[in-house]
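The values are calculated or read from the model by the stated rules, or taken from the named source; none is laboratory data. Predicted, not measured: the structure shown is a model, and the values here were computed from it. FYI the Cβ positions are ideal-geometry reconstructions off the backbone, even for glycines, and counts take in every protein chain you see. With ligands, DNA and RNA removed, areas are computed over all heavy atoms of the protein, side chains included. Shrake-Rupley method; radii C 1.70, N 1.55, O 1.52, S 1.80 Å.
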Amino acid sequence: MKFRNFPMVPRVVFGRGSFDQLDEILAPRRTGAGFAFLMDQVHRERPLARRIPLRKEDRLIFVDVTEEPKTTYVDALRDEVQEALGTPDGVVGIGGGSTLDLAKAVALMLTNPGSSADYQGWDLIRNPAVWKAGIPTLSGTGAEVSRTAVLTGPVKKLGLNSDYTVFDQVVLDPDLIRDVPNPQRFYTGMDCYIHCVESLEGTYLNAFSQAYGEKALELCRQVFLGPHTDDSDEKLMMASWFGGMSIAYSQVGVCHALSYGLSYVLGLHHGIGNCIAFDQLEAFYPEGVAEFRRMMACQEVALPRGVTRGLSEADMERMIDTALGLAPLWENALGPDWREQMPRQRVRALFEKM
Ligand code: NAD
Ligand code: ZN
(Lines give C-alpha, C1' and ligand atoms only; values in the text may rest on other atoms or scores of the structure.)
(Ligands and ions follow the chains in the order given, each with its own letter.)
Protein backbone atom coordinates (compact mmCIF):
# COMPACT_ATOMS: atom_id res chain seq x y z
CA MET A 1 0.00 0.00 0.00
CA LYS A 2 1.34 3.39 -1.00
CA PHE A 3 -0.03 6.37 0.90
CA ARG A 4 -0.41 9.76 -0.67
CA ASN A 5 1.90 12.50 0.49
CA PHE A 6 -0.15 15.70 0.52
CA PRO A 7 1.10 19.26 0.63
CA MET A 8 -0.63 21.68 3.00
CA VAL A 9 -0.89 25.44 3.17
CA PRO A 10 2.35 26.33 4.98
CA ARG A 11 1.22 29.69 6.40
CA VAL A 12 -2.11 30.97 7.62
CA VAL A 13 -3.24 34.03 9.56
CA PHE A 14 -6.60 33.91 11.32
CA GLY A 15 -8.53 36.68 13.02
CA ARG A 16 -10.85 39.63 12.54
CA GLY A 17 -8.94 42.46 10.90
CA SER A 18 -6.03 40.20 9.86
CA PHE A 19 -6.46 41.47 6.28
CA ASP A 20 -4.52 44.54 7.37
CA GLN A 21 -1.42 42.38 7.93
CA LEU A 22 -1.20 41.73 4.19
CA ASP A 23 1.31 44.53 3.58
CA GLU A 24 3.64 43.06 6.18
CA ILE A 25 3.22 39.56 4.72
CA LEU A 26 4.06 40.68 1.18
CA ALA A 27 6.94 43.03 2.10
CA PRO A 28 9.73 40.42 2.30
CA ARG A 29 8.69 39.00 -1.09
CA ARG A 30 8.87 42.29 -2.95
CA THR A 31 11.66 42.52 -5.54
CA GLY A 32 10.16 45.42 -7.51
CA ALA A 33 8.44 43.15 -10.04
CA GLY A 34 5.05 43.82 -8.43
CA PHE A 35 2.17 41.69 -7.20
CA ALA A 36 -0.93 40.81 -9.16
CA PHE A 37 -4.08 41.13 -7.05
CA LEU A 38 -7.13 39.37 -8.43
CA MET A 39 -10.19 40.62 -6.59
CA ASP A 40 -13.83 39.63 -7.07
CA GLN A 41 -15.45 42.65 -8.72
CA VAL A 42 -18.24 42.57 -6.16
CA HIS A 43 -15.73 44.45 -3.95
CA ARG A 44 -14.92 47.15 -6.53
CA GLU A 45 -16.86 49.90 -4.77
CA ARG A 46 -16.46 48.49 -1.28
CA PRO A 47 -14.01 49.64 1.39
CA LEU A 48 -12.04 46.37 1.16
CA ALA A 49 -10.71 47.34 -2.28
CA ARG A 50 -9.17 50.48 -0.78
CA ARG A 51 -7.49 48.46 1.97
CA ILE A 52 -5.36 46.47 -0.49
CA PRO A 53 -1.72 47.45 0.19
CA LEU A 54 -1.14 48.46 -3.42
CA ARG A 55 2.27 49.79 -4.54
CA LYS A 56 2.85 51.57 -7.84
CA GLU A 57 4.40 48.49 -9.46
CA ASP A 58 1.42 46.28 -8.52
CA ARG A 59 -1.54 45.41 -10.68
CA LEU A 60 -5.10 45.18 -9.35
CA ILE A 61 -7.47 43.24 -11.59
CA PHE A 62 -11.17 42.95 -10.75
CA VAL A 63 -12.35 39.54 -11.89
CA ASP A 64 -15.78 38.63 -13.15
CA VAL A 65 -17.21 35.46 -11.61
CA THR A 66 -20.68 35.71 -13.14
CA GLU A 67 -19.70 32.45 -14.78
CA GLU A 68 -17.53 29.98 -12.91
CA PRO A 69 -13.85 30.05 -13.97
CA LYS A 70 -13.14 28.98 -17.52
CA THR A 71 -9.78 27.92 -18.92
CA THR A 72 -10.04 30.68 -21.55
CA TYR A 73 -10.48 33.29 -18.81
CA VAL A 74 -7.48 31.96 -16.88
CA ASP A 75 -5.34 32.13 -20.02
CA ALA A 76 -6.46 35.70 -20.72
CA LEU A 77 -5.75 36.81 -17.14
CA ARG A 78 -2.34 35.14 -17.29
CA ASP A 79 -1.57 37.05 -20.51
CA GLU A 80 -2.71 40.32 -18.92
CA VAL A 81 -0.52 39.80 -15.85
CA GLN A 82 2.45 38.71 -17.95
CA GLU A 83 2.14 41.71 -20.23
CA ALA A 84 1.98 44.13 -17.31
CA LEU A 85 4.48 42.59 -14.91
CA GLY A 86 6.41 39.81 -16.64
CA THR A 87 6.78 37.31 -13.82
CA PRO A 88 5.23 38.97 -10.75
CA ASP A 89 6.42 38.54 -7.18
CA GLY A 90 3.18 36.75 -6.53
CA VAL A 91 -0.54 36.45 -7.14
CA VAL A 92 -3.08 37.30 -4.44
CA GLY A 93 -6.70 36.14 -4.84
CA ILE A 94 -9.42 37.93 -2.84
CA GLY A 95 -12.96 36.59 -3.16
CA GLY A 96 -15.03 33.41 -3.13
CA GLY A 97 -14.07 29.96 -4.39
CA SER A 98 -14.16 31.13 -8.02
CA THR A 99 -11.69 33.95 -7.40
CA LEU A 100 -9.41 31.77 -5.29
CA ASP A 101 -9.35 29.17 -8.05
CA LEU A 102 -8.62 31.85 -10.66
CA ALA A 103 -5.69 33.08 -8.57
CA LYS A 104 -4.29 29.58 -8.14
CA ALA A 105 -4.67 28.81 -11.83
CA VAL A 106 -3.11 32.10 -13.00
CA ALA A 107 -0.15 31.57 -10.64
CA LEU A 108 0.36 28.11 -12.14
CA MET A 109 -0.01 29.28 -15.73
CA LEU A 110 2.64 31.98 -15.29
CA THR A 111 5.25 29.22 -15.05
CA ASN A 112 3.73 26.46 -17.17
CA PRO A 113 3.52 26.90 -20.94
CA GLY A 114 0.39 26.62 -23.07
CA SER A 115 -3.25 26.73 -22.08
CA SER A 116 -4.70 25.84 -18.68
CA ALA A 117 -6.97 23.39 -20.55
CA ASP A 118 -3.87 21.24 -21.13
CA TYR A 119 -3.51 20.72 -17.39
CA GLN A 120 -7.06 19.78 -16.36
CA GLY A 121 -6.56 16.50 -14.58
CA TRP A 122 -4.31 15.00 -11.93
CA ASP A 123 -0.64 15.91 -11.56
CA LEU A 124 -0.13 17.28 -15.06
CA ILE A 125 1.46 20.53 -13.86
CA ARG A 126 5.24 20.34 -14.28
CA ASN A 127 6.65 23.55 -12.80
CA PRO A 128 6.03 25.19 -9.41
CA ALA A 129 3.73 28.24 -9.57
CA VAL A 130 4.73 31.76 -8.65
CA TRP A 131 4.12 32.51 -4.96
CA LYS A 132 0.39 32.80 -4.27
CA ALA A 133 -1.92 33.81 -1.47
CA GLY A 134 -5.66 33.28 -0.98
CA ILE A 135 -8.01 35.50 1.01
CA PRO A 136 -11.60 34.20 1.13
CA THR A 137 -14.52 36.64 1.27
CA LEU A 138 -17.08 33.81 1.08
CA SER A 139 -16.72 30.52 2.94
CA GLY A 140 -17.56 26.92 2.23
CA THR A 141 -15.76 25.60 -0.82
CA GLY A 142 -12.50 24.84 0.97
CA ALA A 143 -10.68 26.23 -2.10
CA GLU A 144 -8.43 28.05 0.37
CA VAL A 145 -6.88 24.72 1.47
CA SER A 146 -7.33 22.38 -1.47
CA ARG A 147 -4.80 21.18 -4.05
CA THR A 148 -7.14 21.91 -6.96
CA ALA A 149 -8.34 24.87 -8.99
CA VAL A 150 -11.62 23.89 -10.60
CA LEU A 151 -11.98 25.06 -14.22
CA THR A 152 -14.47 24.61 -17.02
CA GLY A 153 -12.63 23.82 -20.24
CA PRO A 154 -13.59 23.10 -23.83
CA VAL A 155 -14.42 19.47 -23.09
CA LYS A 156 -14.83 19.15 -19.32
CA LYS A 157 -15.17 20.71 -15.90
CA LEU A 158 -12.12 19.45 -14.07
CA GLY A 159 -9.52 20.97 -11.78
CA LEU A 160 -5.82 21.60 -12.06
CA ASN A 161 -5.03 19.04 -9.34
CA SER A 162 -1.41 19.14 -8.27
CA ASP A 163 0.95 19.64 -5.36
CA TYR A 164 1.84 23.03 -6.87
CA THR A 165 -1.77 24.22 -6.74
CA VAL A 166 -1.84 24.76 -2.96
CA PHE A 167 -1.61 28.36 -1.72
CA ASP A 168 1.63 29.46 -0.02
CA GLN A 169 -0.25 31.79 2.29
CA VAL A 170 -3.87 32.12 3.38
CA VAL A 171 -5.42 35.00 5.28
CA LEU A 172 -8.62 34.08 7.14
CA ASP A 173 -10.35 37.26 8.25
CA PRO A 174 -13.93 36.51 9.37
CA ASP A 175 -14.86 40.19 8.92
CA LEU A 176 -14.63 39.67 5.17
CA ILE A 177 -17.60 37.29 5.01
CA ARG A 178 -19.85 39.37 7.26
CA ASP A 179 -21.83 40.99 4.47
CA VAL A 180 -22.40 38.00 2.19
CA PRO A 181 -26.16 37.97 1.55
CA ASN A 182 -28.36 34.94 1.90
CA PRO A 183 -28.96 32.72 -0.03
CA GLN A 184 -25.33 32.91 -1.31
CA ARG A 185 -23.96 32.39 2.19
CA PHE A 186 -26.20 29.35 2.54
CA TYR A 187 -25.41 27.77 -0.85
CA THR A 188 -21.66 28.04 -0.39
CA GLY A 189 -21.97 27.01 3.26
CA MET A 190 -23.84 23.92 2.13
CA ASP A 191 -20.93 23.07 -0.16
CA CYS A 192 -18.97 22.62 3.05
CA TYR A 193 -21.74 20.66 4.74
CA ILE A 194 -22.01 18.34 1.71
CA HIS A 195 -18.21 17.88 1.58
CA CYS A 196 -18.45 16.59 5.14
CA VAL A 197 -21.39 14.26 4.55
CA GLU A 198 -19.82 12.82 1.39
CA SER A 199 -16.47 12.37 3.06
CA LEU A 200 -17.87 10.85 6.26
CA GLU A 201 -20.26 8.52 4.40
CA GLY A 202 -17.66 7.51 1.82
CA THR A 203 -15.68 4.29 1.52
CA TYR A 204 -12.37 6.21 1.40
CA LEU A 205 -12.86 7.50 4.93
CA ASN A 206 -9.95 7.24 7.35
CA ALA A 207 -9.27 8.79 10.76
CA PHE A 208 -7.54 11.80 9.17
CA SER A 209 -10.61 12.72 7.09
CA GLN A 210 -13.00 11.81 9.86
CA ALA A 211 -11.33 14.06 12.42
CA TYR A 212 -11.64 17.09 10.16
CA GLY A 213 -15.04 16.12 8.74
CA GLU A 214 -16.73 15.65 12.10
CA LYS A 215 -15.51 19.00 13.40
CA ALA A 216 -16.59 20.80 10.24
CA LEU A 217 -20.02 19.17 10.41
CA GLU A 218 -20.46 20.25 14.01
CA LEU A 219 -19.54 23.84 13.09
CA CYS A 220 -22.00 23.79 10.16
CA ARG A 221 -24.75 22.71 12.56
CA GLN A 222 -23.96 25.57 14.91
CA VAL A 223 -23.99 28.04 12.02
CA PHE A 224 -27.00 26.85 10.04
CA LEU A 225 -29.36 25.31 12.62
CA GLY A 226 -29.64 28.37 14.83
CA PRO A 227 -29.70 32.15 14.76
CA HIS A 228 -26.70 34.19 13.62
CA THR A 229 -24.37 34.82 16.57
CA ASP A 230 -21.29 37.00 17.06
CA ASP A 231 -18.95 34.14 16.20
CA SER A 232 -20.92 32.59 13.29
CA ASP A 233 -18.46 33.98 10.75
CA GLU A 234 -15.45 32.57 12.60
CA LYS A 235 -17.17 29.19 12.78
CA LEU A 236 -18.14 29.13 9.11
CA MET A 237 -14.63 30.08 8.05
CA MET A 238 -13.14 27.25 10.08
CA ALA A 239 -15.82 24.81 8.90
CA SER A 240 -14.79 25.53 5.32
CA TRP A 241 -11.13 24.95 6.18
CA PHE A 242 -11.81 21.69 8.01
CA GLY A 243 -14.22 20.48 5.33
CA GLY A 244 -11.51 21.06 2.73
CA MET A 245 -9.00 19.19 4.85
CA SER A 246 -11.43 16.32 5.24
CA ILE A 247 -11.83 15.74 1.50
CA ALA A 248 -8.09 16.18 0.92
CA TYR A 249 -7.54 12.66 2.15
CA SER A 250 -10.86 11.19 1.03
CA GLN A 251 -13.14 12.31 -1.79
CA VAL A 252 -16.54 13.81 -2.41
CA GLY A 253 -19.43 11.66 -3.65
CA VAL A 254 -22.73 11.34 -5.49
CA CYS A 255 -23.86 14.94 -4.99
CA HIS A 256 -20.70 16.44 -6.42
CA ALA A 257 -20.72 14.08 -9.40
CA LEU A 258 -24.28 15.18 -10.28
CA SER A 259 -23.60 18.81 -9.48
CA TYR A 260 -20.64 18.88 -11.89
CA GLY A 261 -23.07 17.71 -14.58
CA LEU A 262 -25.51 20.52 -13.71
CA SER A 263 -22.71 23.10 -13.81
CA TYR A 264 -21.19 21.85 -17.03
CA VAL A 265 -24.40 21.75 -19.03
CA LEU A 266 -26.61 24.38 -17.34
CA GLY A 267 -23.89 26.70 -16.03
CA LEU A 268 -25.33 26.45 -12.51
CA HIS A 269 -22.93 27.63 -9.82
CA HIS A 270 -21.36 24.95 -7.66
CA GLY A 271 -23.06 25.83 -4.37
CA ILE A 272 -26.61 26.04 -5.68
CA GLY A 273 -26.01 23.06 -8.00
CA ASN A 274 -24.97 21.01 -4.98
CA CYS A 275 -28.08 22.02 -3.06
CA ILE A 276 -30.37 21.12 -5.97
CA ALA A 277 -28.67 17.73 -6.39
CA PHE A 278 -28.40 16.92 -2.68
CA ASP A 279 -32.12 17.50 -2.16
CA GLN A 280 -32.76 14.43 -4.38
CA LEU A 281 -30.30 12.12 -2.66
CA GLU A 282 -32.29 10.67 0.23
CA ALA A 283 -31.56 7.16 -1.03
CA PHE A 284 -27.82 7.77 -0.65
CA TYR A 285 -27.53 10.13 2.33
CA PRO A 286 -30.83 9.88 4.28
CA GLU A 287 -29.73 11.62 7.48
CA GLY A 288 -27.66 14.24 5.70
CA VAL A 289 -30.53 15.19 3.39
CA ALA A 290 -33.01 15.40 6.30
CA GLU A 291 -30.67 17.70 8.21
CA PHE A 292 -29.95 19.76 5.09
CA ARG A 293 -33.71 20.39 4.77
CA ARG A 294 -33.88 21.51 8.40
CA MET A 295 -31.02 23.92 7.71
CA MET A 296 -32.77 25.23 4.63
CA ALA A 297 -35.97 25.84 6.64
CA CYS A 298 -34.03 27.49 9.47
CA GLN A 299 -32.24 29.83 7.03
CA GLU A 300 -35.48 30.44 5.08
CA VAL A 301 -33.91 29.49 1.78
CA ALA A 302 -35.90 27.93 -1.07
CA LEU A 303 -34.45 26.03 -4.01
CA PRO A 304 -35.29 26.52 -7.67
CA ARG A 305 -37.27 23.63 -9.11
CA GLY A 306 -37.44 22.06 -12.54
CA VAL A 307 -33.98 23.16 -13.66
CA THR A 308 -33.61 20.22 -16.06
CA ARG A 309 -37.10 20.59 -17.51
CA GLY A 310 -37.08 20.99 -21.29
CA LEU A 311 -33.45 19.91 -21.59
CA SER A 312 -32.60 18.46 -25.01
CA GLU A 313 -31.73 14.78 -25.25
CA ALA A 314 -28.17 15.65 -26.27
CA ASP A 315 -27.72 17.90 -23.23
CA MET A 316 -29.14 15.28 -20.90
CA GLU A 317 -26.67 12.76 -22.33
CA ARG A 318 -23.80 15.23 -21.81
CA MET A 319 -24.91 15.77 -18.25
CA ILE A 320 -24.97 12.03 -17.57
CA ASP A 321 -21.55 11.62 -19.23
CA THR A 322 -20.09 14.40 -17.10
CA ALA A 323 -21.42 12.87 -13.89
CA LEU A 324 -20.42 9.30 -14.69
CA GLY A 325 -16.99 10.44 -15.87
CA LEU A 326 -16.03 11.22 -12.27
CA ALA A 327 -15.12 7.67 -11.31
CA PRO A 328 -13.28 8.40 -8.03
CA LEU A 329 -16.34 10.21 -6.65
CA TRP A 330 -18.66 7.28 -7.36
CA GLU A 331 -16.16 4.78 -6.10
CA ASN A 332 -15.81 6.68 -2.85
CA ALA A 333 -19.58 6.88 -2.46
CA LEU A 334 -20.60 3.38 -3.49
CA GLY A 335 -17.52 1.16 -3.58
CA PRO A 336 -15.74 -0.60 -6.44
CA ASP A 337 -18.95 -2.00 -8.00
CA TRP A 338 -20.48 1.47 -8.40
CA ARG A 339 -21.01 0.99 -12.15
CA GLU A 340 -23.53 -1.77 -11.51
CA GLN A 341 -25.33 0.37 -8.96
CA MET A 342 -25.43 3.42 -11.23
CA PRO A 343 -26.76 2.52 -14.69
CA ARG A 344 -27.30 5.58 -16.90
CA GLN A 345 -31.04 5.29 -16.36
CA ARG A 346 -30.69 5.82 -12.62
CA VAL A 347 -28.55 8.93 -13.13
CA ARG A 348 -31.05 10.24 -15.64
CA ALA A 349 -33.95 9.68 -13.25
CA LEU A 350 -32.16 11.70 -10.58
CA PHE A 351 -31.47 14.57 -12.99
CA GLU A 352 -35.06 14.53 -14.19
CA LYS A 353 -36.30 15.10 -10.63
CA MET A 354 -34.19 18.25 -10.21
P1 NAD B 1 -18.17 32.29 -6.07
O2 NAD B 1 -16.76 32.60 -5.81
O3 NAD B 1 -18.54 31.79 -7.43
O4 NAD B 1 -19.04 33.58 -5.72
C5 NAD B 1 -20.45 33.50 -5.71
C6 NAD B 1 -21.03 34.90 -5.64
O7 NAD B 1 -20.74 35.49 -4.37
C8 NAD B 1 -20.42 35.83 -6.68
O9 NAD B 1 -21.45 36.61 -7.20
C10 NAD B 1 -19.47 36.67 -5.86
O11 NAD B 1 -19.25 37.93 -6.45
C12 NAD B 1 -20.18 36.78 -4.55
N13 NAD B 1 -19.36 37.12 -3.38
C14 NAD B 1 -18.13 36.68 -3.03
N15 NAD B 1 -17.73 37.25 -1.87
C16 NAD B 1 -18.72 38.09 -1.49
C17 NAD B 1 -18.90 38.98 -0.39
N18 NAD B 1 -17.99 39.09 0.59
N19 NAD B 1 -20.03 39.69 -0.33
C20 NAD B 1 -20.98 39.56 -1.28
N21 NAD B 1 -20.88 38.75 -2.34
C22 NAD B 1 -19.75 38.01 -2.45
O23 NAD B 1 -18.78 31.24 -5.02
P24 NAD B 1 -18.17 30.03 -4.20
O25 NAD B 1 -19.32 29.17 -3.87
O26 NAD B 1 -17.30 30.49 -3.09
O27 NAD B 1 -17.22 29.29 -5.22
C28 NAD B 1 -17.69 28.44 -6.23
C29 NAD B 1 -16.53 28.00 -7.08
O30 NAD B 1 -15.58 27.30 -6.29
C31 NAD B 1 -16.92 27.10 -8.22
O32 NAD B 1 -16.25 27.48 -9.38
C33 NAD B 1 -16.45 25.73 -7.76
O34 NAD B 1 -16.14 24.88 -8.83
C35 NAD B 1 -15.24 26.11 -6.97
N36 NAD B 1 -14.85 25.13 -5.96
C37 NAD B 1 -13.53 24.92 -5.80
C38 NAD B 1 -13.07 24.03 -4.87
C39 NAD B 1 -11.59 23.80 -4.71
O40 NAD B 1 -11.19 22.98 -3.90
N41 NAD B 1 -10.76 24.49 -5.45
C42 NAD B 1 -13.95 23.32 -4.05
C43 NAD B 1 -15.31 23.57 -4.22
C44 NAD B 1 -15.75 24.48 -5.17
ZN1 ZN C 1 -17.83 21.30 -3.39
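If only residues of segment 167-179 that are part of a loop (DSSP other than H, G, I, E, B) and open to solvent by less than 10 Å² (accessible area, probe 1.4 Å) are counted, the one that is nearest to Arg293 (Cα to Cα) is Asp173.
All of Val307, Val254, Val265 fail the test of being free of Cβ contacts under 8 Å to residues at least 60 places away in the same chain and either within 21 Å of the chain's Cα centre (by Cα) or within 16 Å of ligand 2 (Cβ to nearest atom) (or both), apart from Val265. Candidates Asn182, Asn206: the one that is within 14 Å of ligand 1 (Cβ to nearest atom), open to solvent by 10 Å² or more (accessible area, probe 1.4 Å) and of a type in the set (S, T, N, Q) is Asn182. The number of residues in segment 112-130 that are in contact (Cβ under 8 Å) with a residue 24 or more places away in the chain, more than 18 Å from Ala248 (Cβ to Cβ), out of contact with any helix residue (DSSP H, G or I) (no Cβ under 6 Å at 6 or more places or on another chain) and open to solvent by less than 40 Å² (accessible area, probe 1.4 Å) comes to 2.
Within the bounds of segment 269-279, is there any residue that is away from ligand 1 (no atom under 16 Å from the Cβ), open to solvent by 50 Å² or more (accessible area, probe 1.4 Å) and under 16 Å from Val197 (Cα atoms)?
No, segment 269-279 has no match at all.
Annotation note: of Glu144, Glu234, Glu218, Glu201, the sole residue that is surrounded by fewer than 22 Cβ atoms within 10 Å (Cβ to Cβ) and closer than 25 Å to Phe3 by Cα is Glu201. Restricting attention to segment 333-354, report how many residues are open to solvent by 40 Å² or more (accessible area, probe 1.4 Å) and touching a Gly at 6+ places or on another chain (Cβ under 9 Å). Residues in segment 333-354 being open to solvent by 40 Å² or more (accessible area, probe 1.4 Å) and touching a Gly at 6+ places or on another chain (Cβ under 9 Å): 1 in total. When residues in segment 279-299 are screened for being in a helix (DSSP H, G or I), over 16 Å from Leu217 (Cα atoms) and free of Cβ contacts under 8 Å to residues at least 24 places away in the same chain, 1 of them pass.
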